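No lab work stands behind these numbers, since they all come straight from the coordinates. Predicted model, so just to flag it, every value in this text is computed and none were measured. So basically every Cβ, Gly included, is an ideal-geometry build from the backbone, and we count neighbours across all protein chains shown.
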Amino acid sequence: MSLQSAKRDITDQVIGKLHGDHIDLYLENEKIGTMKVPSDQATFELASHYKVENQKIYQNYTSVAEPGAKYTDCDQEGGWC
């Protein structure tokens with residue numbers, strides 16, 4: 001039996017995390033590298049409900065203002081809720 005070198009495409013499995021002037025690259029939980037991105041040259045093209053501020057990526061969303069509040073439509077004349 002002998003061993004041989006081989007390679008496989010893992011591109012779709014790599015995740016990048018933005019850290020200031022670089023992006024750390026991960027495969028599962030293992031850091032596999034870094035991509036340098038000078039902040040004066042970095043450009044972002046994000047969907048309309050995402051934005052970049054102070055080198056962080058934010059998602060804008062709509063949520064319930066009072067999640068504990070209950071909606072009731074009582075029939076005061078009939079005496080039931």
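Rounded to the nearest 0.05, what FRET efficiency do Ser5 and Asn29 give with R0 = 25 Å and r taken as the Cβ-Cβ distance? Could you check?
0.55
Counting other Cβ atoms within 10 Å, which GluC sites (Glu not before Pro) in segment 10-72 have at most 16 and lie in a DSSP loop?
The qualifying sites are Glu28, Glu45.
At 0.36 nm per residue, and after removing the present C-alpha to C-alpha distance, how many nm does the segment from Asp12 to Gln55 gain when stretched out fully?
Gain on stretching Asp12 to Gln55: 13.1 nm.
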